[in-house]
Amino acid sequence: MMRSFTIFREAAIILLLSAFMGFVYTYATGKGFFAPSASSKVRPPVTAPGIIDLAKARELHESGSALFIDSRHEFDYRLGHIKGSYNLPLTDLNDHTDYIERLPRDRPIVTYCDGAQCNSSIELAAILQSRGFSNVFIFFGGWNEWKTQHLPLEGSRQ
């Protein structure tokens, strides 16, 4: 009987010490109960990247002011892409950090992929915008619409 009381007491002490250490950790790191509430954080308003049609994409391309970023895999990019575009596959984003950091944050950027059946351009645009780019657009018609309209292309199979 005395032995089970000792085991119970030691287990209770370990449990209380663990809980205490957990509270100390969350207090020190500002997590858990001690995390600032979402309403206390001041965040600048964020607008969603704009979706543009072929006419607007063509206008931006012809003006030369916008950077077109192809979010498809490198293999597809090499087969053909919008002339002058930069290949930034969503899956290889971390490999292009230096390039991204050198870009002016206010330069117009147009992301695209294959077209309506592809979402990587949407995801890439959101990531770029979250990294401080203020002028991001999504050309939702993408490569397929650009190619069918016989607009300027580059690559091995145009």
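Please identify the pairs in which a residue from region 131-154 that is over 14 Å from Cys113 (Cβ atoms) and without any contact (Cβ under 8 Å) to a residue 40 or more places away in the chain has its Cβ atom under 8 Å from the Cβ atom of a residue that is aliphatic (A, V, I, L, M) and surrounded by 15 or more Cβ atoms within 10 Å (Cβ to Cβ), counting only partners at least 6 apart or on another chain.
Qualifying pairs under 8 Å: Arg131/Ile100; Phe133/Leu103; Phe133/Ile109; Asn135/Ile109.
One residue is enough: does region 2-23 have a residue meeting the conditions assigned to a helix (DSSP H, G or I) and modelled with pLDDT under 65?
Yes, region 2-23 contains at least one residue that is assigned to a helix (DSSP H, G or I) and modelled with pLDDT under 65.
For region 125-150: of the residues being in a helix (DSSP H, G or I) and out of contact with any helix residue (DSSP H, G or I) (no Cβ under 9 Å at 6 or more places or on another chain), which is farthest from Pro104 (Cα to Cα)?
Ranking the candidates gives Thr148 first.
Within region 51-77, count every residue that is among the hydroxyl-bearing types (Ser, Thr, Tyr), at pLDDT below 95 and over 24 Å from Thr97 (Cα atoms).
Matching residues across region 51-77 total 0.
Name the single residue, out of those in region 53-80 being under 20 Å from the mean Cα position of the chain (by Cα) and among the acidic types (Asp, Glu), that is nearest to Leu124 (Cα to Cα).
Ranking the qualifying residues of region 53-80, first place goes to Asp70.
If only one of Thr91, Thr97, Thr148 is farther than 15 Å from Leu60 by Cα, of a type in the set (Val, Ile, Thr) and more than 13 Å from the chain's Cα centre (by Cα), which one is it?
Thr148
Residue under question is Asp95, and the condition is that it be under 20 Å from Ser134 (Cα atoms) and either outside the structural domain of Gly132 (by TED's automatic domain parsing) or acidic (Asp, Glu) (or both); does it hold?
no
The values are calculated or read from the model by the stated rules, or taken from the named source; none is laboratory data. Given the structure is predicted, the values throughout are model-derived calculations rather than measurements. Using ideal geometry, Cβ is built from the backbone for each residue, glycine included, and neighbour counts are taken over all protein chains shown.
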